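Q: Sharing a structure here in structure tokens format.
The values are calculated or read from the model by the stated rules, or taken from the named source; none is laboratory data. Computed from a predicted model, the values in this text were never measured in an experiment. Counting neighbours? That spans all protein chains shown, and the Cβs are built from the backbone with ideal geometry, glycine included. What goes into the accessible areas is simple: the full protein's heavy atoms, side chains included, and nothing from ligands, DNA or RNA. Shrake-Rupley method; radii C 1.70, N 1.55, O 1.52, S 1.80 Å.
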Amino acid sequence: MGTYAAVVLAGGAARRMGGLDKPALPVGGRPMRDRVLAAVSDAMPRVLVGAADAGPAGVRVVREDPPGGGPVAAAAAGLALLDPDVSVVALLAADLPLLTRAAIGELLKHLDRETPDTEPAGGGSAPTPPAHSRSAPTAPSAHSGSAPTAPADRSGSAPAPLAHSGLDGERGPDGACFVDGDGRRQSLCGVWRVAALRAAVHRLTVERGGSLSGAPVRALLAGLVVREVAWSGDGPPPWFDCDTDEDVRRAEEWAR
């Protein structure tokens, strides 16, 4: 896999943490969103979507429309800032403090593998899991609207078809994401083909009458072919997210 972009979603109200700016909370002395951005330091460009006034040098910052409109609206805003030659994007929640470059590399490797997939998300196989799910205490899991029309992108082109050709013209994966120990997809810890995501944004915008505000991630990804990746590396699960103070404390212990 060659170059890729990264869109980091840093919005959300963090209701279970008293409405704090959750991505700005430190783990190991560094804000969670900065740790996520560091894990994709080789991505070009890197886009941070949320209320942050500024990101690290070289990071593009944008706000979803409407503010607080949810992860799908944020994903659409981030995709709109990508350059027209970008074909692959890492779509990541900003509260994944244990994410590593090696984990992203594993996802990119699986997306680039030429073995075709045949089961689209949400169709024909097991139902698509919730966009955000929590697993057993020994293996916590990660999670995972908007303008009247789909955001324009820098390419200025119409949405591309979802399918990606694999071997012998069979449909290859549109994306690859981690699954937790219970087999639940961690959709906001994955890598995706930009054309597939843009087409999905366009489809969902039409289906919802022009607004992506409050749309669930599973609705965005419905119909996409997803390669599920179980983490087999050393260390804690890269998809571990921090929704509570206890999660942050646990991440601190792992990050030592």
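Q: Given a 1.4 angstrom probe, I'd like the percentage of the accessible area of segment 39-100 that is carbon and sulfur, rounded to a whole number.
A: The C+S portion of the solvent-accessible surface of segment 39-100 is 55 percent.
Q: Also, quick follow-up: Going by average Cβ neighbours within 10 Å, how do the peptides 63-76, 26-39 rank, with the highest at the top?
A: 63-76, 26-39
Q: With every protein chain left in place, what is the accessible area per residue of segment 167-256 in square angstrom, probe 1.4 Å?
A: Counting only protein heavy atoms, the per-residue value for segment 167-256 is 40 Å².
Q: Could you work out Rg/(2.2 N^0.38 Å) for segment 175-235, with Rg from alpha carbons only?
A: Ratio of Cα Rg to 2.2 N^0.38 Å: 1.27.
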